[in-house]
Amino acid sequence: MAGMRRALLFEVRRVTSVWSTWILLGLIFLVGLATSLNQLRGQTSADDFPLGAVNHLTAGGVLAAAIGASAIGAELRWNTLRALYTAFPRRTDIVLAKVGVVVALLVALSIVCTAVDTAVTSVAAGGTGFDGAWFGLGTRSALVLVCWGVIGFSIAALTRSQVAGFLVPVAVSFIVEIGLLSIFPSNTLASVLPFINASEAISVGVPAVEAFERAAVFGGWAVVLLVAAVVVLRRRDA
Amino acid sequence: MIVTTAGLGRTYGRKRAVDDVSFTLRPGRLTGFLGPNGSGKSTTMRLMLGLDRGDGRTEWDGQQLRDLAIPARAVGAHLDAKAFHPKRTVRRHLMMHAAASGVGARRVAEVLDLVGLGSVADDSPGGFSLGMAQRVGLATAILAEPDVLMLDEPSNGLDPQSIQWLREFLRAYAHAGHTVFVSSHLLPEMQLMADHVVVIGRGTVLADQSVADFVDRSASSQVLVRVADTTAVLSAATRAGLSAVSEGPDGVVVTGASTEQVGLLVHETGQPVRELVARNASLEQAFIDLTRDAQEYTGGEVA
């Protein structure tokens, strides 16, 4: 327990002491805000109110993957992994601390973005609609953002590449999945692909229960990749 | 803290990089870790710290490193030059590592002054020279005042004054009761610094003894004499039962004889002595003698 406390403090100091963290978080916030402000100019109706909960995911997922990737990728890139594992020979502590801090940052950011973007969108939509749909969407948007971050972390760890941690999710979500479905159009296939499900989970038109199921599929992929990453990081030479 | 390694081993592909390496590091002394390039020094250090997976085990006062309450207070290691984020200030880098060992900002400030980085504490180390970067690594290693200090080539990039400072610091650190383990290629420096040496060659331990014993065991007295006719001196030495080899155009190195004996030898040949020098035994010569056949990578003869 004491080891995990030290690992968390280490990781908080690490992640908050470089500009790149704040730049990436700021970009997620700004993208969401820009999307919301754009709705002010468009034909936004009251039904579009819940969009405030997900506007930051216009590009936020990709940027969250970059945040996750840098949590372990920076150690590889700047040759600090050996010093890290010397201080924390129980590698699971520091790995989980890294994931924990990424998750906490992204949850906090999601809450802030949802609050701000909802405020802007409510002006565009001409009213407020704080109902179950909005809360459900807000919850799923946080979950999706977090999972993007965890997936970025995991792929960076598995590939030993910060860049891959960012590019692989992008490539899979924008190219591979679309390519697969165009070659093998199948609802079954679509129901298991991670990023298709992530997109459906935060889609306003999807019924809540189905949307949460989609979020669970995406979350399942994140968990599987994270478990693989933890196993590899524990066993691999530093 | 006593550090005991037993049967350390590691294979990369078909190459056995480290094979059955065992030795003990004791507190209160500085142990030098010597070996030719590619002999397995860095691999051994990484195996000791659990950074690489391999055979054998290393115990720290009888325990595994992972079982210690605060490992960073047990061992401070500096294995890689420039192991820091280039944009994170030196102070923030050390504060981050302070979290790992539970030390505070006051200790960070102390260490910054101790290693001479006080004036650049709030600078980003991305533009630092290798020498400055080595100081950052040393500061990180000593931050928690660990029982054991492990440094891999810490003198690289340091100017002579800094090397002297490092030598005095490490000796003081060791003689204050800590365990210090330093690998280096600077053998004259190591001779001034180390109390004990572990020599490794082709992945196996070749020697594990005090510096004095190591130097004595493999070096014998030699005398260099410079004369006009080296052939005559070589013949005279052979007749006297001494071992002698030529060195350069006018030099002869005689082994196992005093300067007086060599002087008399040259006098027999009827020629004047241009130079007569006794060569004292050195760590460098002892190391070269011991590891001559354990070199992984050798250069060609210089014409």
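What to note about this one:
- Filter result for the condition that a residue is of a type in the set (A, V, I, L, M) and in contact (Cβ under 8 Å) with a residue 24 or more places away in the chain, over A:I28, A:I23: A:I28
- Restricting segment A:71-83 to residues that are buried (at least 24 other Cβ atoms within 10 Å of the Cβ) and of a type outside the set (D, E), the residue that is nearest to the other protein chains (Cβ to nearest Cβ): A:A83
- Given (1) crowded, with 18+ Cβ neighbours inside 10 Å; (2) touching a helix residue (DSSP H, G or I) at 6+ places or on another chain (Cβ under 8 Å); (3) among the aliphatic types (A, V, I, L, M); (4) closer than 24 Å to B:R292 by Cα, index of the condition B:L192 fails: (1)
- Among residues that are open to solvent by 50 Å² or more (accessible area, probe 1.4 Å) and either assigned to a helix (DSSP H, G or I) or hydrophobic (A, V, I, L, M, F, W, C) (or both), B:L265 is not included.
- Enumeration of residues in segment A:133-161 that are open to solvent by 50 Å² or more (accessible area, probe 1.4 Å) and either in contact (Cβ under 8 Å) with a residue 24 or more places away in the chain or over 14 Å from A:L233 (Cβ atoms) (or both): A:A133, A:F135, A:T139, A:L143, A:L158, A:R160
- Residue that is farthest from B:G38 (Cα to Cα) [pool: residues in segment B:279-303 that are at pLDDT below 75, of a type in the set (A, V, I, L, M, F, W, C) and open to solvent by less than 70 Å² (accessible area, probe 1.4 Å)]: B:A281
- Residue match in segment A:111-130 (condition: assigned to a helix (DSSP H, G or I), open to solvent by less than 30 Å² (accessible area, probe 1.4 Å) and free of Cβ contacts under 8 Å to residues at least 60 places away in the same chain): no
- When B:R46 is tested against (1) buried (at least 19 other Cβ atoms within 10 Å of the Cβ); (2) at the interface with chain A (Cβ under 10 Å from one of its Cβ atoms); (3) under 18 Å from the mean Cα position of the chain (by Cα); (4) within 18 Å of B:S155 (Cα to Cα), exactly one condition is not met: (4).
- Filter pass, B:A99 being closer than 30 Å to B:Q161 by Cα and within 14 Å of chain A (Cβ to nearest Cβ): no
- Residue within segment A:49-58 that is on the phi < 0 side of the Ramachandran plot and either of a type in the set (F, W, Y) or at pLDDT 95 or above (or both) present: yes
- Qualifying residue in segment A:47-61 (condition: of a type in the set (A, V, I, L, M, F, W, C), under 30 Å from A:R236 (Cα atoms), open to solvent by less than 20 Å² (accessible area, probe 1.4 Å) and more than 14 Å from chain B (Cβ to nearest Cβ)): no
The values are calculated or read from the model by the stated rules, or taken from the named source; none is laboratory data. Everything numeric in this text was worked out from a predicted model, so none of it was measured. Neighbour counts run over all protein chains shown; Cβ positions are idealised from the backbone, glycine included. Note: accessible area is taken over every heavy atom of the protein model, side chains too, but ligands, DNA and RNA are not part of it. Shrake-Rupley method; radii C 1.70, N 1.55, O 1.52, S 1.80 Å.
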